[in-house]
Amino acid sequence: MVKFTTTILQFGEQGEKTGWTYIIIPADIAEQLKPGHKKSFRVKGKLDSYAIKSIALLPHGGGSFIMAINETMRKGTRKRKGAMLQVQLQEDKTERKLSKELMECLEDEPQALTFFKTLAPSHQGYFSKWIEDAKTEATKTKRIAQAVNGLSRKFSFGELIRSLKQDQARR
């Protein structure tokens, strides 16, 4: 476990990251977490006394990474931009579980399953989380059907969501 103190920052105009609250994981600390790794990876640990798990570190350049601090994390730490934060991190090697129902339905659609398996694990996770976050069984069933249909058309998660929004706008 690596421990350090840092300041919570916030992006100004930065494309898709505009307004994000985040912390920087310096290159020397990132090297201790996952030596020689330059791509995104997941960590667990604590921000002050607030426990975190399966949080992505995103490459920031020069070997450093950033960790987005979402609203739940800000509320958990009771801190915002400019505050000092005690950070304890280690790599989170926990295997991410995919939606059982999605995987069962994909078994019946080999072309969609084949495409799904070509996606990065994080992108497979986007589909799974979207389905598992449904509040009702009806919504979950609808999302599974939409995901299988999109995957059979070789849509990434972002492409699927955009296509669903376009369909909704046409109605």
Meets criteria (of a type outside the set (Lys, Arg), modelled with pLDDT under 95 and either over 18 Å from the mean Cα position of the chain (by Cα) or more than 28 Å from Lys39 (Cβ to Cβ) (or both)) for Ala134: yes
Filter region 110-152 down to the residues that are closer than 23 Å to Phe41 by Cβ and crowded, with 17+ Cβ neighbours inside 10 Å and list them by number. Phe116, Gln124, Gly125, Tyr126, Phe127, Ser128, Trp130
Note on Ser54: of the conditions (1) within 22 Å of Ala83 (Cβ to Cβ); (2) surrounded by fewer than 15 Cβ atoms within 10 Å (Cβ to Cβ); (3) without any contact (Cβ under 8 Å) to a residue 60 or more places away in the chain, unmet is (1)
Quickly run through region 74-109 and pick out the residues that are at pLDDT 95 or above, crowded, with 17+ Cβ neighbours inside 10 Å and among the aliphatic types (A, V, I, L, M). Leu85, Val87, Leu89, Leu102, Leu106
Quick one: which residue in Ile66, Ile52 is touching a helix residue (DSSP H, G or I) at 6+ places or on another chain (Cβ under 7 Å), closer than 22 Å to Lys129 by Cβ, in a strand (DSSP E or B) and not acidic (Asp, Glu)? Ile52
Test: residue in region 102-124 that is within 21 Å of Lys34 (Cβ to Cβ) and charged (D, E, K, R): no
Which ones in region 1-20 are among the charged types (D, E, K, R) and exposed (fewer than 10 other Cβ atoms within 10 Å of the Cβ)? Glu13, Glu16
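For every residue, the table says whether it meets (1) over 30 Å from Ala27 (Cα atoms); (2) in the same structural domain as Ala27 (by TED's automatic domain parsing); (3) touching a residue at least 12 places away in the same chain (Cβ under 8 Å).
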| residue | (1), (2), (3) |
| --- | --- |
| Ile69 | no, yes, yes |
| Arg74 | no, yes, yes |
| Gly82 | no, yes, yes |
| Glu104 | yes, no, no |
| Thr136 | yes, no, no |
| Lys140 | yes, no, yes |
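The values are calculated or read from the model by the stated rules, or taken from the named source; none is laboratory data. Just so we're clear, the structure is a prediction, and the values are computed from it rather than from any experiment. Using ideal geometry, Cβ is built from the backbone for each residue, glycine included, and neighbour counts are taken over all protein chains shown.
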